[in-house]
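Asks: Take a look at this one; I'll ask things after.
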Amino acid sequence: MNFRRIDAESMDQQDSLHSMRNHFLIPKSKEGKDLYYFCGNSLGLQPKKTKEYVEQELNDWAKFGVTGHHDAKNPWYSYHELLTEAMSKIVGALSIETIIMNTLSVNIHLMMVSFYQPTPKRFKILIEPSCFPSDRYAVESQIRFHGYDPKDALIILQAEPGSNYISKEHIETIFKNEGDQIALALIGSVNYYSGQAYPIAFMTQLAHQYGCLIGFDLAHGAGNLLLNLHEDGPDFAIWCGYKYLNGGPGTLAGCFIHERHAYNRELPRFAGWWGHNKITRFKMEPAFEVMPGAEGWQLSNPPILPMACLRASLDLFSSTSMSALRKKSIELGNVLFNLLDELNDPKITVITPRNEEEHGCQISIKVKNADKSLFQKITSKGVIADWREPDVIRIAPVPLYNTFTDVFDFVEILKNTLKNG
Ligand SMILES: *Cc1c(COP(=O)(O)O)cnc(C)c1O
C-alpha cells in the first residue's frame, strides 16, 4: 500500500527527536506558513537560543570592556574550550584532536602547510571528482606554491562512466597505480554534488598502506554522518560550522588533527600567538612554544560572537546524540527515496547512492536537460532547496528540524509540478 500523509504524521508522532524542531526558527512564507526548509546542508537554521548566547557576550563586553577576557561569565580568553568537547563528540574525536578556529578554506591551507610535503618522487594530491571549487582552488594553489604543476600533480578519482559514483574498486585501483606518488589525499566526506558519502576508514587504511597522508573535508559530514575520526585515523579533517552545525552564516570552522601528530613539533606549520603555550602566552616572548594537539594550530585571538552562535547549536547537539540523529536521518532518507521511486518520472533521476552507508542527509535529484524551471516552480510553492549547476536539485532533510511530513509534502509538490507544471 502507498505511503500516505497520515503515515508520515504518525512517524512524526513517534519520533523522539520531533520536539527538537521547536528549538529552531523556521523561515516562513509571506502568508506566515512554515517553508519546507531542505537547505541544512548549505546553511543550517538558527537555534532560538542563539540570540541569548550572543547577547551574553555583547552585554559582558559592555559591562567589562577588556577585563571581559577574564571576568566575563564565559571568559573570552578560554571561550573556545567551551566548544571543544561537544564538537569532538560530533566528529568522534578526542578533545586534544579538535579545535574551532578560522574558516574552512583557511583551515584547508593550514593543514596543507603541515601535511603536504611534496618530494620529487611523491608530490601528487588525490581529490574526488566534482570536488568543491574552494578545495580545488586551494589544492592547486598549494601545488603551485611548492613549484609543481597541477597538470602533473593533481589526480582525480575516476567515477563510473556516465555517473558520479565512486566504488571501492576505483579507490583501490588509483592507490595501486599511483599510491607511491601520492603525497596527500584530500577527500570530501560527502560529495557536495552527488551526495555520495565516501568510506573514510577504508580510504584512510589504503592511503596509509601506500605511505600517503590523508585528510577529509567534512563540510558536508560534520553534524550529518556518524563519524569516528579518532578510530578511523585520518591525519586531519576540516569542516565549516554553518551547514549541518547551524553556527550561522560564515561562522567559525572546525579542525581535527589526529593524536599521533599531537606532540610532533617538527611538523611544518604557520604559527600565531594563539598556538603558543597558553600559560606563557602573555609573556610575549619571541620564541614560539607550540601547544600540543590541535590547539597548537591556532593563529589568532578568536572572534567570540560567531563562536557564541556556534556554541548555541552545539549545546543542542549535546542534548541528543549523533547516533540518534543519524538513525532519524536514515529514516527520513528512506521515506524520501521510496517516494521518489514511486514517482517514476523520466524527467528526474536520483544520483545519490541508496545504500545507507553511502549517503548522509542530502539526496541529489538530477533533472533531465538541466531544466532549472522545475526547481524554480517548486521554490515558488514553498520549498527551500538548492540548485547546483549544471543540473541537480539538492534536498537535505535534517533530523534536528525536518519532519516526515515535510518530506511527504515536498514529494507531493514535486509530483504535481512534474505533472501540471
Ligand atoms: C561549504 C564548503 C566549503 C566552503 O568553504 P568556506 O571557506 O567556508 O567558504 C568548502 N569546501 C566544501 C567541501 C564545502 O562543502
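The values are calculated or read from the model by the stated rules, or taken from the named source; none is laboratory data. Given the structure is predicted, the values throughout are model-derived calculations rather than measurements. Note that each Cβ is placed from the backbone with ideal geometry, even for glycine, and that neighbours are counted across all protein chains shown. Accessible surface areas use protein heavy atoms only, side chains included; no ligands, DNA or RNA. Shrake-Rupley method; radii C 1.70, N 1.55, O 1.52, S 1.80 Å.
Asks: Condition first: in a helix (DSSP H, G or I), open to solvent by 10 Å² or more (accessible area, probe 1.4 Å) and within 22 Å of residue 192 (Cα to Cα). Now tell me which residues in the range 373-405 satisfy that.
Replies: Passing the criteria: 373, 374, 375, 376, 379.
Asks: A further question follows. Quick check on my filter: what residues within the range 163-185 are of a type in the set (Asp, Glu) and open to solvent by 70 Å² or more (accessible area, probe 1.4 Å)?
Replies: 169, 172, 180
Asks: Would you point out which residue out of 282, 288, 216 is open to solvent by 10 Å² or more (accessible area, probe 1.4 Å) and either among the acidic types (Asp, Glu) or in contact with a helix residue (DSSP H, G or I) (Cβ under 8 Å, 6 or more places away or on another chain) (or both)?
Replies: Only one candidate qualifies: 288.
Asks: Write out, first by first residue and then by second, each pair whose Cβ atoms fall under 7 Å of each other, whose residues are 6+ apart or on separate chains, and whose first residue, in the range 226-237, is closer than 16 Å to residue 323 by Cβ while the second is of a type in the set (Lys, Arg) and open to solvent by 10 Å² or more (accessible area, probe 1.4 Å).
Replies: Once the first residue is closer than 16 Å to residue 323 by Cβ and sits in the range 226-237, its partners that are of a type in the set (Lys, Arg) and open to solvent by 10 Å² or more (accessible area, probe 1.4 Å) give 226/326.
Asks: Of (1) within 16 Å of the ligand (Cβ to nearest atom); (2) outside the structural domain of residue 194 (by TED's automatic domain parsing), residue 106 satisfies all except one. Which?
Replies: Every condition holds for residue 106 apart from (2).
Asks: Which of (1) touching a Pro at 6+ places or on another chain (Cβ under 8 Å); (2) closer than 27 Å to residue 87 by Cα does residue 270 not meet, given it meets every other one?
Replies: The number of the failed condition is (1).
Asks: Sticking with this structure for a sec: Can you name every residue in the range 227-251 that is open to solvent by less than 10 Å² (accessible area, probe 1.4 Å) and farther than 23 Å from residue 357 by Cβ?
Replies: Result: 240, 241, 246, 247, 251.
Asks: Say whether the condition of being at positive phi and open to solvent by less than 40 Å² (accessible area, probe 1.4 Å) is met by at least one residue in the range 191-206.
Replies: yes
Asks: What single numbered condition from (1) among the small types (Gly, Ala, Ser); (2) surrounded by fewer than 22 Cβ atoms within 10 Å (Cβ to Cβ); (3) within 16 Å of the ligand (Cβ to nearest atom) fails to hold for residue 78?
Replies: Status for residue 78: all satisfied but (3).
Asks: Residues of the range 247-267 being in a loop (DSSP other than H, G, I, E, B) and of a type in the set (Val, Ile, Thr), which ones?
Replies: The answer is 251, and nothing else.
Asks: Kindly provide the set of residues from the range 147-171 that are out of contact with any Phe, Trp or Tyr (no Cβ under 6 Å at 6 or more places or on another chain) and within 23 Å of residue 120 (Cα to Cα), ordered by number.
Replies: Within the range 147-171, 147, 149, 150, 151, 152, 154, 155, 156, 157 meet the criteria.
Asks: Can you pull out every residue in the range 22-51 that is in contact (Cβ under 8 Å) with a residue 40 or more places away in the chain, outside any loop (DSSP other than H, G, I, E, B) and farther than 16 Å from residue 243 by Cα?
Replies: Selection gives 23, 36.
Asks: For the range 194-246, what are the residues that are more than 16 Å from the ligand (Cβ to nearest atom), among the charged types (D, E, K, R) and not in a loop (DSSP other than H, G, I, E, B)?
Replies: Correct list: 231, 232.
Asks: Restricting to the range 126-158, and then to whatever is within 21 Å of the chain's Cα centre (by Cα) and among the β-branched types (Val, Ile, Thr), can you tell me which residue is farthest from the ligand (Cβ to nearest atom)?
Replies: 156
Asks: Restricting to the range 332-358, count the residues that are in contact (Cβ under 8 Å) with a residue 60 or more places away in the chain, under 20 Å from the mean Cα position of the chain (by Cα) and part of a helix (DSSP H, G or I). Let's see the steps before the verdict.
Replies: Step one: filter the range 332-358 for residues in contact (Cβ under 8 Å) with a residue 60 or more places away in the chain, giving 332-333, 335-336, 338-340, 342-343, 345, 347-348, 351-353, 357-358.
From what's left, under 20 Å from the mean Cα position of the chain (by Cα): 332-333, 351-353, 357-358.
Next cut, part of a helix (DSSP H, G or I) only: 332-333, 357-358.
Of the residues in that region, 4 qualify.
Asks: Ok, one more. List the pairs whose first member sits in the range 80-107 and is on the phi > 0 side of the Ramachandran plot and free of Cβ contacts under 8 Å to residues at least 12 places away in the same chain, whose second member is open to solvent by less than 50 Å² (accessible area, probe 1.4 Å) and polar (S, T, N, Q), and whose Cβ atoms are under 9 Å apart, counting only residues at least 6 apart or on separate chains?
Replies: Correct list of pairs: empty, since none qualify.
Asks: Follow-up. What are the pairs with Cβ atoms under 8 angstrom where one residue, in the range 63-78, is over 15 Å from residue 302 (Cβ atoms) and the other, located anywhere, is in a loop (DSSP other than H, G, I, E, B)? Sequence gap at least six, or different chains.
Replies: Pairs found: 64/72.
Asks: From the set of residues in the range 82-103 that are closer than 18 Å to residue 322 by Cα and among the hydroxyl-bearing types (Ser, Thr, Tyr), which is farthest from the ligand (Cβ to nearest atom)?
Replies: Taking the candidates together, the pick is 95.
Asks: Same structure, new question: Scan the range 183-202 residue by residue and report those that are closer than 12 Å to residue 126 by Cα and under 18 Å from the mean Cα position of the chain (by Cα). Spell out the reasoning first.
Replies: From the range 183-202, those closer than 12 Å to residue 126 by Cα are 183-188; that's our starting set.
Within the range 183-202, 185, 186, 187, 188 meet the criteria.
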